[in-house]
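The values are calculated or read from the model by the stated rules, or taken from the named source; none is laboratory data. For clarity, every value in this text was computed on a predicted model and none was experimentally measured. Cβ: placed from backbone, ideal geometry, glycine included. Neighbour counts: every protein chain shown. Quick note on the areas: whole protein, heavy atoms, side chains included, nothing else; ligands and nucleic acids left out. Shrake-Rupley method; radii C 1.70, N 1.55, O 1.52, S 1.80 Å.
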Amino acid sequence: MKRPSFLFTISAVLATLFSCTQDAYEKGEGTYSLMQADFVEAHSNSSKQIDQALTDDGLMLSLQQPMTTAWTTTADTVYRAVLYYNKVEDGKVEAVSCSRVSVAFITPKDSLTKDMKTDPLRMESVWLAKSRRYLNVGFYLKSGPTDDKEALHHLGIVADTTITHADGSNTLHLQLYHDQGGVPEYYSQRSYVSIPLYTLKADSVSLSINTYEGIVTKQFCIK
């Protein structure tokens, strides 16, 4: 059965983001001592290479050498990603690693073509980009190897209700759609999703996520 277009999928064997801790590298002026990481809108040039990136703090980064990835398949396109980089001279940066981040566009609940699913997961963090263009969610999914090629996590963001307050402002309530999709629950692996907010007319948003400890709701002012 074809899945609804608002959902994105994550396979049973998750692709984890490149990550590091300070203890993983030599301290001081080692190769990675000044490395930074940012959620970005990464731009692909005419050769389908990442040549620049706009961080969530609003800083434009120009790559010293354009970066080739397996997932930048279209020229002159903006992708959501996490960029690890070192600052170099003349305002340029040296890219170390770049991982694509799933983008979950918001769909109204009354347009769902299947039942709402809220299978639990482990939430790590929810934060608003400084630019207020995205709401970012870090979470862990229960996963494990399986021979079932159709075993996939299905995730999405559903707009539930809009609440108008006494001062005339309004809050859009969002829910995380999660269907475990037959994926075994042997261990946890981290993933991220970014929710675009730049087309919303709401003054604030709240996001509810079903976790193994119960429902967690976070609210953010986006205006």
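Of all the residues in the stretch 126-170, those that are more than 20 Å from the chain's Cα centre (by Cα), at pLDDT below 90 and among the hydroxyl-bearing types (Ser, Thr, Tyr) number 1. Candidates Ser97, Ser102: the one that is open to solvent by less than 60 Å² (accessible area, probe 1.4 Å), within 20 Å of the chain's Cα centre (by Cα), over 22 Å from Met35 (Cβ atoms) and small (Gly, Ala, Ser) is Ser102. Ser47 meets each of the listed conditions (1) of a type in the set (Gly, Ala, Ser); (2) open to solvent by 20 Å² or more (accessible area, probe 1.4 Å); (3) assigned to a strand (DSSP E or B) apart from (3).
Within the stretch 185-196, identify whether any single residue is among the aliphatic types (A, V, I, L, M), under 15 Å from Ala104 (Cβ atoms) and in contact (Cβ under 8 Å) with a residue 40 or more places away in the chain, and answer yes or no. Before you say what the answer is, go through the steps one by one.
To start, the set of residues in the stretch 185-196 that are among the aliphatic types (A, V, I, L, M) comprises 193, 195.
Remaining after also requiring under 15 Å from Ala104 (Cβ atoms): 193, 195.
Within this subset, residues satisfying the condition of being in contact (Cβ under 8 Å) with a residue 40 or more places away in the chain are 193, 195.
The answer is yes; a qualifying residue exists.
Determine, yes or no, whether Lys223 is open to solvent by 10 Å² or more (accessible area, probe 1.4 Å), more than 19 Å from Leu112 (Cβ to Cβ) and at pLDDT below 95. It is true that Lys223 is open to solvent by 10 Å² or more (accessible area, probe 1.4 Å), more than 19 Å from Leu112 (Cβ to Cβ) and at pLDDT below 95.
Just one of the numbered conditions (1) surrounded by 15 or more Cβ atoms within 10 Å (Cβ to Cβ); (2) within 21 Å of Tyr212 (Cβ to Cβ); (3) out of contact with any Leu (no Cβ under 9 Å at 6 or more places or on another chain) is not true of Ala81: (2).
Taken over the stretch 169-194, the residue count meeting the criterion of being in a strand (DSSP E or B) and surrounded by fewer than 20 Cβ atoms within 10 Å (Cβ to Cβ) is 8. With respect to (1) open to solvent by less than 90 Å² (accessible area, probe 1.4 Å); (2) in a loop (DSSP other than H, G, I, E, B); (3) modelled with pLDDT of 95 or more, the lone exception for Asp38 is condition (2).
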